[in-house]
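Readers should treat all values here as calculations from the given coordinates under stated rules, not as data from a laboratory. The shown structure was predicted, so the numbers you read here are calculated from the model rather than taken from an experiment. Neighbour counts run over all protein chains shown; Cβ positions are idealised from the backbone, glycine included.
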Amino acid sequence: MTDLIHHLPATRSPEPEATRHAIEPAPSTTALDTAILVDLAEGLLDARPLWEPALEVAPDRRGHVRLLATEAYEAWLITWPVGHGVELHDHGGSTGVIAVAEGHLVEIQANGGGSFRRAEVAEGRTHVVPADRIHDVVNIGTRAAVSIHVYSPPLNEMT
């Protein structure tokens, strides 16, 4: 996985070298509000010139590049060849938002007892994935799909 942008620092006045402190905040275990995650995903969707150079669509595998990483959230650019998905998984307690830049994705949600539900995510749309959801995401379209995924807190595990 390649980091495109590790962290966007807050804008502030430069400090003299002698007064700078290298204190790294601990990663957050509290999720940001879902509305903030949607805003982040939609903002990144609109910032195509920022992430488009990182696009690599392979016909035989999913691609993924981490765009942003902070202590509170992270964002990924994911490419989906036709017919490709992941397997059923959760996000280890992280809430996620999927924003589709190109193509069409389907989320398959496990509802327990062997039942499943489908949620279609069309180009230009966003979709919230609650922290406790077990799901799969698949490109069932006729062309490659590209999506932005924002997670908070940052992903620690997928099981």
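Placing R0 at 25 angstrom, the Cβ-Cβ distance between Leu50 and Val86 gives a FRET efficiency of 0.50 after rounding to 0.05. Charge dipole (Cα centre; +1 on Lys/Arg Cβ, -1 on Asp/Glu Cβ; no other charges) of the stretch 19-159 amounts to roughly 180 debye.
Which residues in the stretch 67-83 place their backbone N less than 15 Å from a point set 7 Å from the Cα of Arg118 along the Cα-to-Cβ direction? Backbone N within reach: 83. For the stretch 88-159, the Cα-based Rg and Dmax, in that order, read 12.0, 33 Å.
The stretch 43-109 has equivalent-ellipsoid semi-axes of 19, 18, 11 Å, by the square roots of 5 times the alpha carbon gyration tensor eigenvalues, sorted largest first.
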